[in-house]
Structures are given as structure tokens and as C-alpha cells.
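The values are calculated or read from the model by the stated rules, or taken from the named source; none is laboratory data. It should be emphasised that the depicted structure is a prediction, and the values quoted were computed from it without experimental measurement. All Cβ positions, glycine included, derive from the backbone under ideal geometry; neighbour counts span all protein chains shown.
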Amino acid sequence: MVHPSVPPYSPERIRHERFMLTRLALGAAALGLAPAYLAWRGAPGALEALLLVAMALPLLAVFVLSRSGRLDIAHGISAASLALFVAALAGMTGGAASPFLIWLAAVPAGAMLFGARDYVVRAGAIAAAALAGILSLHQLGIFAEAAPWVATAMPAIAALAVLHAIMIAVMALQHRDGEQRERRAADMRAQLLLDHVGDLVTWHDATGGVVFANAAAEALAGAEPRDLIGRGLLDRVHVADRPLFLKALSDAAHGAGPSSACFRTLFVPRELGPEPSSPVALWLEMKAHRVADATSRDGVAVVCVMRDVTASRALDEERARVHAAALKANDIKGQFLATLSHELRTPLNAIIGFSEMLGGDHARLLDAEKRLDYARIIHDSGHHLLDVVNTLLDISKIESGAMTIEQETLDLAVIARDCSALMALRAENGGVALERVSGPDLPAVIGDKRALKQIMINLLSNAVKFTPAGGRVTLAVIRDGEMIDLSVSDTGIGIAASDLPRLGDPFFQAKSSYDRTYEGTGLGLSVVRGLVGLHGGCLTVESAPGIGTRVSVRLPIGGVAAASQPVKIETFARAPRRGLETKLPFRLTA
């Protein structure tokens, strides 16, 4: 019975069972022949008794193996039994001159079947000890001379020795073939497993070159596994990520533990059709482990497992974008509350305060001019609140996609004239010269009249507001191919380069603060970019501090079939110019 500590169906259990069966057969056969031998010879002598003991020792080896599970001890007992058996036969047939001594070579030869060097060394030591014992006893004259029948039986003895050697050789070859078949089957199972996992598994030698790759190479590196051998994998790693890739291999090969890296592979997949394939970039996460490998140059190799993390990395980037957008929205909300607290409470305070004065006990003390002045302030404050609310509603409609535009034929020159007339008084009060430039033969455009007027008024209002006295604001409408270029230029304070990227964000004002000099909600340009997007146009802002600002709106003459999202504002630093006169010769001053 095999020891319970040996796992079932394991190679170790098979070796134990094979050892026990062969030793049981040999011991049973020897002990079965012992009674007939004793009946023929009578009382056994000392050498014959040793011979019987040697034939019984294999049974002792089986017993020890079944109780302890130690195959090395059991094999030592079996080797000792064979050496003792040969020594007893040699002592009975001439000692050192006995031809049976040749069988001592079978002791270490039989140990080769177990495939372990320790077994062969131990069996060789036992055979050498037996030979040394026979030579010593032969020198002492204990052994008798060889019997006459020994010389006659020498050919038979040699034939038996050769047959025994052939049997050992055949068993050794069978054992080797069995191990090779088992190794090939294990390799095939491992290869099958590796080829059906989604991860790319590669073996690297000490120099970092690939010596093995599984079938996932085609999906994750765009190549057959054989194409990755050597530098094939490194050549497909993104150039910027190659130092990180090589460092991870080096850390795994020479460090104390595994290493990891995340890098990109860039490759062109194999063409499956007539159309050329586009390059594919994948993010791979690699885990590298150091293993012993006798085939590598310095006995060190690295095995790497790489998996595709492109989707998860894109998800992480999307989460980061959403988080940044949430932070930005929180900032906008804070700015929105700060702006409303300034823009709404100021006119509300005026409305409440002056209305209390008009309706209070002291109203009779006010003359008619004061009452009219207070009523005008209340009226202007109410209109300011209404403008803020309407602007907020427009922003909400644009961002939600609920705003639509009317498609009608319009004359932009007439709209520009009306808007200039509306802003003329404000510009005059601020000491700003307002000019209007119209190109010749302006075509009619398709668009929404109210929206286009709102675009011009918002741009003119900002330009007049941020232009000091003595400055100039120019509204220009010209044709450029199939587009209309509507621009508003000023010689005002300008915008710093650091503030240009944020133009058009709701409630953003360049250099805004709670004690800012210029009033406003910062929503005007947000409304403009939304309305321009609805008309399928584009928006450009050029500005620089101390030079001024030029906002250009380009609109298609034929209009758009469907509404779109707010446009992205293209911003540039404005260079000093001599004026629009050199570029636009047609001038009409409002």
C-alpha cells in the first residue's frame, strides 16, 4: 500500500507503485525457490544464509516505503540487497575471481531509472563497498577457490549479465520516453492554456530579448508570436514608453521582486481587405517576474504577463474629465452667485430704496424733478434686472438645445445700422467714437433677425464698455467668399493672454473681482457663441492689453439646415495695427 502522503495520480505515486510491484515480485519469487534449494542442499552455510537474507531484503524495502513514504531509503535497502546477493554469489564462486562480480555494475545502473543523481551516487557507493568487502575477504583467504563448474558456466553467466544489462537499458529508455511524452503533453497543455488566455505572455532572456510569446501577440502587438522573438516586441512599443518598458524588465531581472509598467503598443494590424489598415494604439499593463532559466546567458530570465487596459484607462481619463468638469461647474456656480449678488442686489436696492422714498411720509417734500429722477432710476434698474433674467434664460435655452432660430432673408447692413444707432448715445456719453464699415454689394443672408441683432448689440456693448474716452469702436460687415465677416474692433483695455482661453465661459470676466470697475454679468460672449453656433458660424477673438480687442463672427450666407452646439472661440494675441482703414477702404461713420 502506497503511503497516504503521496498524492494520487501524481508521478511520484506511479514511481512508488512501480518500485513496490517489482520488489514484491522479486522477493516472492526468491523466497518461493528457497525451500526447494534448502531441500536439495540441506543446512545452509554462512554465504548461503547471506544469500537468503539478500533475497528477503526487497520485501523489507517495500515495507519501509509503504510505512514512511521515503523512496530514497527503500531504494537504498533494495540496492544493498542486490549488492549483498552478488557478493554472496561471488564468495561461493571464487571471491575476487568470481565472474558474478560483473553484476555489481547493475546496482548503480538500475538507479538511473529513478532519474535522480542522488540515487545513482548512493547505489554506486553501495556497490563499491560490496566490491571492497569482497576483495578484503579474498585477501584474508576466507573464500574458497572457484568450483570447476564455474569455468564451464562462464558463457551462461556472461549471457545472463548481458541480458540483465539489456533489460536495464530497455527500462531506462522506456522511462526516458515516458518522461518525454509526459513533458510534451504538459507543454501542449501549457501552450493550449496560454493561447486561450487574453493576456500576452512573453519570456525574456537576460538582455531583454523575447524567446517565447503566446498567441495573444496578434491581438495585442499586431504580429505573430514568432515575429516578437528578439527585439520584435520592443519595436512595437511606443518610442516614448520604451525606457519605462526596459526599466521594468531590468528591475525584474536584477531586483528582489516583480515589477510593473504601463505602456503603449503602436502597430498596424494585418490587412484583411483591400483598404489599408489604420495604426492601432493600445495601453498594456505589464507584470514582470524573475525566474531561473538555464538557457539564458547568465541563468536569469523574466516572464511577463501583459493585458489590455485601453478601455479602463479611457474610463479613468473620462472620470478625470468629468471630475474636472464638475470642479469647473462648481467654480462657475460660485462665480454665478458672486455675480448675481452684485448685478441683482444693486438694482434691487435702488428699486426698493427709491420706491420707499416715493411712497414714504417724506414724499410730499420732494419736488417734481426729484420724483421724475427717482422714477427713472427705478425704471432703469428694472430694465437692467429684466436684461439679466432674459440673458440667463437665453443661456439656459442654448445649453439645453431648446432655442431655435427663424430662417428669413436679412440685410445685415440695415441691421448693423440699427444696432449702431442704438449704441450711439452710450458711446457718445463715454467719449468713444463709434464707426460702421459696410462692404460693397453685401448679399442677403439667411438667419434670425433677433439673434443677429443680439450678437451685434452684445459685441458693441462690450467694446464701448471697455474702451476709455477718446477711443474708437468699429463695426465692420464685409463679404468673404461664401461667408459674411462681421467684426467689432476697439482700442480699449484689451485682454491678457492668460484670460483668452476662458472667454465665453458663463459668468467669466477678465480680471473680474468684487470691486471691479466695469459692470456686467459676463454672459454676453456666452450668448454670442451660442447664437453663432445656431447659425453655423465661427467666432474668433484677437486681443492684447493696451492694444484693444477684435471679435470676428463669420456666418454662412445661405444659413444652416439645423441648429448646432455653441461654437468654440478661437483666440489669438493681437498685434499692433495702424487701423482698419488700410484693410477696409469702405467707411460709413455712424
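Observations on the structure shown:
- Just one of (1) modelled with pLDDT under 90; (2) under 30 Å from residue 526 (Cβ atoms) fails for residue 318. It is (1).
- The set of residues in the stretch 419-440 being charged (D, E, K, R) and farther than 19 Å from residue 479 by Cα consists of 426, 428.
- Boolean, residue 38 is modelled with pLDDT of 75 or more and either of a type in the set (Ser, Thr, Tyr) or over 56 Å from the mean Cα position of the chain (by Cα) (or both): no
- Beta carbons closer than 6 Å, at least 6 apart along the sequence or on distinct chains, pair a first residue in the stretch 239-262 that is touching a residue at least 24 places away in the same chain (Cβ under 8 Å) with a second that is hydroxyl-bearing (Ser, Thr, Tyr) and surrounded by 12 or more Cβ atoms within 10 Å (Cβ to Cβ) for 248/259; 251/259; 252/259.
- Qualifying residue in the stretch 176-197 (condition: modelled with pLDDT under 80 and touching a strand residue (DSSP E or B) at 6+ places or on another chain (Cβ under 8 Å)): yes
- The residue that is modelled with the lowest pLDDT, counting only those in the stretch 262-296 that are in a loop (DSSP other than H, G, I, E, B) and within 18 Å of residue 234 (Cβ to Cβ), is 296.
- Tabulated pairs, the stretch 21-37, first surrounded by 14 or more Cβ atoms within 10 Å (Cβ to Cβ), second of a type in the set (S, T, N, Q), C-beta under 7 angstrom, 6+ apart or interchain: 23/78
- Every pair of residues 6+ apart whose Cβ atoms lie under 7 Å, when the first sits in the stretch 59-86 and is assigned by TED's automatic domain parsing to the domain that holds residue 130 and of a type in the set (Lys, Arg) while the second is modelled with pLDDT of 85 or more and not in a helix (DSSP H, G or I): none
- Criterion (surrounded by fewer than 21 Cβ atoms within 10 Å (Cβ to Cβ) and at pLDDT below 65) met by exactly one of 552, 564: 564
- Answer from 434, 385, 392, 442 - the residue that is surrounded by 12 or more Cβ atoms within 10 Å (Cβ to Cβ), assigned to a loop (DSSP other than H, G, I, E, B) and not charged (D, E, K, R): 442
- Identity of the residue in the stretch 522-542, modelled with pLDDT of 85 or more and more than 21 Å from residue 405 (Cα to Cα), that ends up surrounded by the fewest Cβ atoms within 10 Å (Cβ to Cβ): 540
- The conditions of being modelled with pLDDT of 80 or more and under 30 Å from residue 558 (Cβ atoms) are met by residue 411.
- Any hit, the stretch 183-198, residues being in contact with a Leu (Cβ under 9 Å, 6 or more places away or on another chain) and more than 17 Å from residue 291 (Cα to Cα): yes
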